[in-house]
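Notes to accompany the following structure.
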Amino acid sequence: MAPNYIEKIIVKSHNPKWGKVAVSIGVLSGLAALIFSNPVGKIVSIIIGLIVLSINYLIPKLKSGIQITCVQTKPPNSVENHHNGRYKISHGIGHLETYIDVPAWATEFNIKMVSDPTIDIIPWDNKPDSVRLEGNHLKSDYDLNGFPITLKIVGDPEDIAEGEYTLKFVDVRANTTIKKVELKGDREPPEDLNVDELEQEEAEEWGIEI
């Protein structure tokens, strides 16, 4: 429960009204420290001021607050693999249905996607217009509370082969890894792929004639 209370405090402190209140309390606490002749009073005033200002400025810079959930439907994946954060790259292709939850107090974000050089991570579908891709960074300067996005994992099937790779989502601002998942390569298209349900473009991706 504690993180929820912390989140609420941060959200309120970044509201324009409460943000001004927090700054005012911090400044007044500093002035009070000059007025108090009692050393204990000085120390208490300084501590109160530092706590208020740190909640308003320091914690948001150190705490990411961003949460990421991934589900894989192409190729089909098991519930166990979803639970353990293991996803497939079959014949050089994989899709991750991803939801990025941005905390209410964050007015911008910069998420770096870090993986093996043989793998490219591409925003494939559902990307909001306010989110831009710069290299391997997802960035936005807009106040987004959360959004879905389909990430396409691509690479040469022979380069990826049967290897195992790691994909990390890093909050650049907080210098924190938000989520880390495992990617398992396979040279061949998935055996349990339902060919009858594939569209032409999808079939071409898997190298299947329909």
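For the reader, a short list of remarks on this structure follows.
- Residues whose amide H lies under 5 Å from that of Arg173, counting only those 5 or more places away or on a different chain, are Asn110; hydrogens are built 1.01 Å from N in the peptide plane.
- Order of Asp141, Asp186 - criterion: other Cβ atoms within 10 Å of each residue's Cβ, fewest first: Asp141, Asp186
- Vicinal HN-Hα couplings computed from phi for region 161-170 (Karplus, 6.51 cos²θ - 1.76 cosθ + 1.60; Hz; Gly/Pro x): 6, 9, x, 10, 10, 10, 10, 10, 9, 10
- Long-range HN-HN contacts of Thr166 with modeled amide H, under 5 Å: Asp116, Leu183
- Remark: the Asp129-Glu108 segment gains 6.1 nm on full extension, using 0.36 nm per residue and subtracting the alpha carbon distance.
- Applied to region 148-159, the Karplus parametrisation 6.51 cos²θ - 1.76 cosθ + 1.60 on θ = phi - 60° returns per-residue 3J(HN,Hα) values of x, 7, 9, 9, 9, 9, 10, x, 5, x, 6, 6 Hz, with x for Gly and Pro.
- Where GluC sites (Glu not before Pro) fall in DSSP loop in region 72-167, at most 16 other Cβ within 10 Å: Glu108, Glu162
Each reported figure results from applying straightforward, stated rules to the coordinates on display, with no laboratory input. Just so you know, these numbers come straight off a predicted model, no measurement behind them. Cβ: placed from backbone, ideal geometry, glycine included. Neighbour counts: every protein chain shown.
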